[in-house]
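**Q** Before I ask anything, here is the structure I am working with.
The values are calculated or read from the model by the stated rules, or taken from the named source; none is laboratory data. Remember, it's a predicted structure, so these values are computed and weren't measured experimentally. Here the Cβ is made from the backbone with ideal geometry for all residues, glycine too, and neighbour counts use every protein chain on show. The accessibility values were calculated without ligands, DNA or RNA, using every heavy atom of the protein model including side chains. Shrake-Rupley method; radii C 1.70, N 1.55, O 1.52, S 1.80 Å.
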Amino acid sequence: MRLDKFLSQQLGISRSLVARELRAGRVTIDDEIVKSGSVQVSADQSVAYEGSILVHVTGPRYFMLHKPEGYICSTEDPTHPTILFFIDEPLADKLHSAGRLDIDTTGLVLLTDDGQWSHRITSPKHHCEKTYRVELENEIADDVAKRFEEGVMLNGEKYPTKPAQLEIITPKEVLLTISEGRYHQVKRMFAAVGNHVCGLHRERIGDIWLDIDLAPGEYRELTEDEINSITVPR
């Protein structure tokens, strides 16, 4: 990678500002001052800016996070803390969530810097299933599973939801699996059948389940099998 591109990514500044920092002699490669941005940098070289070593990040990255309540799935926000608070990785701000959760929703969030991979999760044409554990205000009615399987009309929508699967755990706790991602869809689906969601927790995206060993706020890298379960068509 060219040095000026590497520095632009690492420092979060434009190429023109990078050129200024280079001319000022603030950048070294293996302890030698370098002033040309066209120099190629390899992963085994030590690049420093004002004496601080910059970490090389190679290849796309994939993580799962157990999102707690009170955080939003954005890179930055002026009023609310974001899920990046929990991610202790180089260039964490280059990661994005592959499908967001509301601020009051907990559970599985996938983060990556691979746009094509996340597109397979979020694009409606790929029908990537998500499973949610839902706590309800009222006991579930007998006909809800059938109505969800047939599709329900949401307030303000022109078309009914796609077929969804409902598994009843208790009269006020269910598992709902959907294959689309409309705005506040799960909450609106239960509102459409006269109920109210009190708690919402995502357990699964595609074939990736939230690791039961992750406490709220903890994260880990995805395994190769988990990554490939999204990238490999089935």
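**Q** Please tell me if residue 196 is open to solvent by 50 Å² or more (accessible area, probe 1.4 Å) and on the phi > 0 side of the Ramachandran plot.
**A** It is false that residue 196 is open to solvent by 50 Å² or more (accessible area, probe 1.4 Å) and on the phi > 0 side of the Ramachandran plot.
**Q** Against the condition open to solvent by less than 50 Å² (accessible area, probe 1.4 Å) and β-branched (Val, Ile, Thr), how does residue 28 come out, does it pass?
**A** Yes: the conditions hold for residue 28.
**Q** Then there is this: For the range 1-18, how many residues meet the condition of being modelled with pLDDT under 85 and in a loop (DSSP other than H, G, I, E, B)?
**A** 3
**Q** Another question about this same structure. Can residue 212 be described as part of a loop (DSSP other than H, G, I, E, B) and aliphatic (A, V, I, L, M)?
**A** yes
**Q** Next up: Given (1) in contact with a helix residue (DSSP H, G or I) (Cβ under 8 Å, 6 or more places away or on another chain); (2) touching a residue at least 40 places away in the same chain (Cβ under 8 Å); (3) within 30 Å of residue 207 (Cα to Cα), where does residue 87 come up short, assuming only one miss?
**A** The failed condition is (1).
**Q** Modelled with pLDDT of 90 or more and surrounded by fewer than 16 Cβ atoms within 10 Å (Cβ to Cβ): which single residue out of 21, 69, 76 fits that description?
**A** Criteria check complete, one pass: 69.
**Q** Does residue 214 satisfy the condition of being in contact (Cβ under 8 Å) with a residue 40 or more places away in the chain and either in contact with a helix residue (DSSP H, G or I) (Cβ under 9 Å, 6 or more places away or on another chain) or under 30 Å from residue 96 (Cα atoms) (or both)?
**A** yes
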